[in-house]
Each structure stands twice: as C-alpha cells, then as structure tokens.
1. Might you check whether a residue that is over 21 Å from the mean Cα position of the chain (by Cα), over 17 Å from Val81 (Cβ atoms) and free of Cβ contacts under 8 Å to residues at least 24 places away in the same chain occurs anywhere in segment 157-171?
2. What are the pairs, 6+ residues apart or on separate chains, where a residue within segment 1-24 that is within 17 Å of Ala165 (Cα to Cα) and among the hydroxyl-bearing types (Ser, Thr, Tyr) has its Cβ under 9 Å from a residue that is crowded, with 18+ Cβ neighbours inside 10 Å and at pLDDT below 85?
3. Please note which helices (runs of 4 or more DSSP H) are completely contained in segment 1-111 and include at least 3 residues that are charged (D, E, K, R) and at pLDDT 65 or above.
4. Which residue out of Ala202, Ala180 is closer than 22 Å to Ser35 by Cβ, among the aliphatic types (A, V, I, L, M) and without any contact (Cβ under 8 Å) to a residue 24 or more places away in the chain?
5. I'd like to know if segment 186-196 contains one or more residues that are hydrophobic (A, V, I, L, M, F, W, C), closer than 21 Å to Val53 by Cβ, surrounded by 16 or more Cβ atoms within 10 Å (Cβ to Cβ) and out of contact with any Ser or Thr (no Cβ under 6 Å at 6 or more places or on another chain).
Amino acid sequence: MLASLLAGLGLGLSLIVAIGAQNLFVLRQGLRRESVVLVAAICAASDAILIVVGVSGLGALLAAAPWLIEAVRWAGAVFLVSYGLLAARRAWRPSGQTLATVDEDRPTAPHANGSGTATRTRRSRTAVALTCLALTWLNPHVYLDTVFLLGAVATTHGDLRWWFAAGAVLGSVLWFFGLATGARYLSRWLSTPRAWRILDAAIAIMMIALGISLVLPH
C-alpha cells in the first residue's frame, strides 16, 4: 500500500514539476499574491479529476477519439500564443506594477465604494480562474501524461491502483500549493517594475514557444 502511494507521489511530481505554462501562471500569481489559494485549488482539483479518469480506465475511451486531443492541441496553441503576446505587451509597455501589497484571498475592510471594489475583485478572480482553467484543460500534454501515462502505470499496481492515484493527487496538491504560496519568498528580487518586465518577457518567450511547439510536427 505504502509503496503504491509513494510510487504515485513520485511519478505525479515528476510529471508536473517541469516548467510549463500552468506552472508559470501559478508562479506569477504567487509572486503577485493574487488569488493564490484559488489558483492552486483549481490546478490541484483539475489534476485530481484527470488522475481519476485515467486510473478508472476512461483514458482508454479518450484514446479512441484522437480528434479530441487534436482539437485541444490547436486550441491550446492559440491560447498559449495569445497569452504570450499579452505578456510581451506588458513587458514592452509596463504599467509600473510591482508586487501586490494585499492578498486578494483575504477579505478587505469595507469602505465608501466597497461595492465597486468587490465587483472588480470578483471580476478579477473570475478572469484568473478562467485563465487557469484554460491553461490546464487546453494543454494536450496533461491528457497524455496525467490520463494516459498515469492511468497505464496505475494498472500495474492492480488492486492498489487507487493508492497509487492517491499518491499522485497528493503530489499535485503539495506542488501547486507549495509553488503558489512559496513564490512570495522571491519578492525581494521582484520589487521593481524592471524586474517585472524581465519576468513578463521570460513568460512571453516561454508561452509562445510552448504554443508553437504544440503544432509543430514531432
């Protein structure tokens, strides 16, 4: 039982730790201290759903519909390139942003125009949530790795496959919450607008490169 749990934890972490669009987004939100818990929860919950799909055997059904993965691949490429271009725009024409001083996951005290601020916060969180969902579910690699690969390896554990799945889910929870909440310790290096321009430029390059790589022949 413990061996299957640790095997799932190890493989799950090995698949998600690599730098990718989702991790870059989580890192940026963590650095800005904006909707940190929301982003980490969406990523971890999405991984849990995909892991359950793979381990339950539904991944085999998805494999029978290659057109679905193809559609996700092109949609993901368009989204990643678009997101990368927005990051490039922020780097080219910065708004003078530095690290956020208020954690949006904590309630703020009401004031005169509290309703307007609350509306803007809800809209901001909605935009963050939708972006996070798109970066997660429009990435074809998440299906290949989390659903097919993890699902295939889980079958080798027989009746203990759900302990393997639990380990993989635990790995996702530890990674995403650790990345999102631990990013704030990098604040000393990202306390100036120039540092954010460099970060956004790096994100732009990575996102556009990842988007292009999705549609290039392998």
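1. Within segment 157-171, one or more residues are over 21 Å from the mean Cα position of the chain (by Cα), over 17 Å from Val81 (Cβ atoms) and free of Cβ contacts under 8 Å to residues at least 24 places away in the same chain.
2. Ser4/Ala154; Ser4/His157
3. Correct list: 66-92.
4. Exactly one of Ala202, Ala180 is closer than 22 Å to Ser35 by Cβ, among the aliphatic types (A, V, I, L, M) and without any contact (Cβ under 8 Å) to a residue 24 or more places away in the chain, namely Ala202.
5. No: zero hits.
The values are calculated or read from the model by the stated rules, or taken from the named source; none is laboratory data. All values derive from a computational prediction rather than experimental measurement. Cβ: placed from backbone, ideal geometry, glycine included. Neighbour counts: every protein chain shown.
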